[in-house]
Each structure stands twice: as structure tokens, then as C-alpha cells.
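Below: the structure, in C-alpha cells.
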Amino acid sequence: MHPYPGKKANANKRIRTERVQVKVVQENEQDLAIINGFRAQYGKKPLKRKGDQQIEKRELISPVDPDARLSVKHDERGRFAYYEHRLVDSLHNFIIATDVTATNVPGHRVLIQQLDTRRDFFGQYAKEIALDAGYYNTKLAKQLFERKLFAYISYRRFPSKEHPQCKRVQFTKVKEDLYACPCGVPFYYKNTTRQGYHEYKPPKGSCAHCPFAKKEKEDRVLRISIHQGTYDQLREQRLSYRGKILRSVRPSTVELSFAHSKELHGLRYARYRGVQKVKTQVLLTAIIQNLKKWTKLRSLKQIGLHLTYKIIEETE
């Protein structure tokens with residue numbers, strides 16, 4: 001699966017109107033329960049629930065296509081565009097699911113619903129799925145693992161100001177509440193924050209003369225996510241032989257499917273305004289691509305290449 005942010009909306013990017021919306025940010029109660037569990041384990045007071053918060057968010061919309069949102073991936077000033085979220089069969093490159101949203105809706109919010117819909121249609125989940133780095137988050141990974149899917153998700157490199165010789169991944173885990181830095185300095189557990197990180201600190205003054213210290217006379221704080229186990233499982237699957245095969249398949253399946261949509265079927269631009277009409281254009285394009293693929297596979301059968309033998313026999 002892959003979201004393509006280049007579907008340019010049928011709207012002038014220079015004409016914009018500002019709209020202020022009040023949105024409710026809900027606190028993640030599952031993460032709060034995990035955090036309080038760790039805090040109770042080390043004799044610290046549990047954190048109280050803050051409750052839902054209301055924030056005002058400023059949005060720039062188009063007066064002619066209010067469903068589209070600004071995308072700055074291909075234009076520094078931004079242009080109005082849509083995301084298309086597509087599921088592609090890795091065997092024959094059929095498009096089995098597609099959806100269109102505004103560019104402020106990330107793909108991991110749509111993926112689980114698409115997978116559940118395909119399960120209701122086909123009677124079972126897929127066994128494997130390959131995703132790009134935009135889907136690299138623990139909430140989605142846990143939902144995929146609950147559905148027993150082998151997930152290859154490309155690694156996402158977050159910005160960091162760490163010293164190259166003293167990165168977080170270079171610390172050695174001695175035991176649950178103790179880490180050792182590359183220089184051998186012990187880091188002991190001190191706290192678990194509301195943001196979802198375990199904080200480990202060395203004895204005071206241990207990093208004063210360290211050549212890798214970010215600031216002189218200031219001890220470093222090591223932060224480990226409460227979901228580090230999920231990240232480790234993702235890394236193990238990504239570096240496995242099975243994961244490397246899925247990585248090699250992506251360019252010839254979903255990426256090729258999007259390339260054909262853009263170059264051969266004009267899906268680089270939205271011909272209509274409004275998300276429902278754009279969905280119609282995307283669905284028609286997907287049907288045409290599948291029919292072309294089906295015709296090609298039927299012609300291969302006539303010369304002895306039974307690539308779709310079971311599918312054809314079941315439908316006849």
C-alpha cells in the first residue's frame with residue numbers, strides 16, 4: 001500500500017481562504033495505562049488523566065474545492081491536492097482497494113479499515129503487507145500484529161542532534177533499569193514521562209569530560225520509548241529474508257501501478273472537484289487498469305502460461 005500525494009486538485013493554489021476550526025485532542029488512555037504501570041513498578045505516583053483538550057487549528061482551503069488540502073511535498077508554497085490510498089495485489093498487480101482523502105489524512109488512519117473491508121469480502125486477511133516509511137508508527141504496527149500480518153515497513157529516520165559516536169542505538173541494555181553508554185558509563189532508570197518515554201540518567205557529573213557530550217558540564221538523558229518492543233519487532237521483520245523480498249517487490253507492484261495511473265491514465269490531476277467526484281475518477285481508473293491486466297493474463301494463458309488458472313476457473 002502506498003499513498004500518492006501528487007493528485008493535484010482542480011483548484012488555483014494562489015486563491016486561498018482561511019478557516020479556524022476547534023478540534024478535540026483525545027488523550028491516549030492505553031498509553032497512559034502503560035506509563036502508570038511502569039511508574040507503579042518503580043514506586044512512583046501515577047499520572048492523572050488530563051482529559052480531552054480543545055485546540056484551534058488554522059486551515060487554508062480553496063473556495064472552489066473545500067475538500068482539498070495544501071500539500072508542500074512538490075511545491076514549497078503548497079498546492080491543493082488529494083491522497084489516494086491504494087492496496088495492490090503483489091502476485092498479479094491487481095488494485096484490490098482504493099480510497100481518496102484530503103492530504104491532511106495520513107495513510108495509517110485508512111489502512112486498517114481497508115484491510116477489514118477486504119477481509120469481509122475475501123473471507124481472510126492477507127498474510128503479508130509492505131508499506132513505506134509514512135506508516136512507521138507503533139499504533140498501526142500493533143493493529144497489524146493483532147491481525148497476524150507480516151509487515152514490512154520502511155524505516156523512518158527522525159531528525160536527531162545526537163553525536164555520531166553516542167547515539168541511542170549504541171547504548172547497551174544491561175538489565176531492565178540499567179543501560180551503558182559507548183564509554184561504559186551506567187545510566188539508571190529515573191522516570192517515565194507523560195510523553196511515553198523512559199528516562200535514564202548517569203551519576204551526576206559523569207558526562208562532564210565526555211568527548212561526545214552535546215553540552216559541556218551537562219549530563220545526558222537517555223530516552224527510550226515505552227513501545228520499544230514493537231519497534232524491535234518491526235526492525236526484526238524488516239531485516240529478515242522475508243522482509244527483504246517484500247522490499248524488492250514494491251517497485252514492481254504498487255509503485256508501478258501508480259506510475260501507470262499517472263503516465264497512461266491521467267491520474268496526476270483531479271478532473272473534478274469534491275472528494276466524492278474524485279473517488280469516481282479513481283475508481284474508474286482502477287477498473288480500467290485491472291481490466292487491462294486481466295486481458296493480458298488471459299492472453300498469456302492461451303500460449304500456455306497459466307498464471308491465473310485458479311482465478312479463471314472459479315469465475316467461469
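For this structure, a couple of remarks:
- Structure-derived Cα extents along the principal axes in Å: which label, when the choices are [x] 74, 54, 37; [y] 50, 50, 42; [z] 72, 45, 40: [x]
- Per residue accessible area of the chain, 1.4 Å probe, in Å²: 63 Å²
- Within the accessible surface of the chain, defined with a 1.4 Å probe on protein heavy atoms only, the carbon and sulfur portion equals 50 percent.
- FRET efficiency for the pair residue 291 and residue 116, taken as 1/(1 + (r/R0)^6) with r the Cβ-Cβ distance and R0 = 25 Å, rounds to 0.40.
- Highest GNM mean-square fluctuation among 37, 184, 134, for the chain modelled with Cα contacts below 10 Å: 184.
- Here the chain carries DSSP beta bridges of which approximately 90% are antiparallel, counting only pairs with both residues inside.
- Legend: calculated FRET efficiency, residue 104 to residue 303, from the Cβ-Cβ distance at R0 = 45 Å, rounded to 0.05, equals 0.40.
- Helix-only arithmetic for the chain: the sum of -39500 (n - 2.57) across DSSP H runs with n ≥ 4, divided by the residue total, places the mean residue ellipticity at 222 nm at -10500 deg cm²/dmol.
- Set of segment 172-202 residues, backbone N closer than 16 Å to the point 7 Å along the Cα-Cβ line of residue 236: none
- Of all the options 228, 289, 53, the one that moves most in a Gaussian network model of the chain with Cα springs shorter than 10 angstrom is 53.
- Dipole magnitude for segment 26-82: about 480 debye, using +1 per Lys or Arg Cβ and -1 per Asp or Glu Cβ, origin at the Cα centre.
- Cα gyration tensor category, rounded, prolate or oblate, for segment 79-161 with a/c compared to 1.5: oblate
- All lysines inside 22 Å of residue 57 as judged from Cα atoms, apart from same-chain residues fewer than 8 positions distant: 13, 23, 73
- Mean Cα-pair separation over length for segment 71-123, i.e. relative contact order, pairs under 8 Å, 6 or more apart, %: 27 percent
- Qualifying trypsin sites (Lys or Arg not before Pro) in segment 229-300, where qualification requires a DSSP coil assignment and no more than 13 other C-beta atoms within 10 Å, comprise 268, 271.
- Note: relative contact order over segment 67-218, using C-alpha pairs below 8 Å and six or more positions apart, is 11 percent.
- Overall form of segment 203-294 per C-alpha gyration tensor (a/c, 1.5; a/b vs b/c): prolate
The values are calculated or read from the model by the stated rules, or taken from the named source; none is laboratory data. What you see is a predicted model, and the numbers here were worked out from it, not measured in a lab. Heads up, the Cβs are rebuilt from the backbone with ideal geometry, glycines too, and the neighbour counts pull from every protein chain shown. Accessible surface is based on the protein model in full, side chains and every heavy atom, while ligands, DNA and RNA are left aside. Shrake-Rupley method; radii C 1.70, N 1.55, O 1.52, S 1.80 Å.
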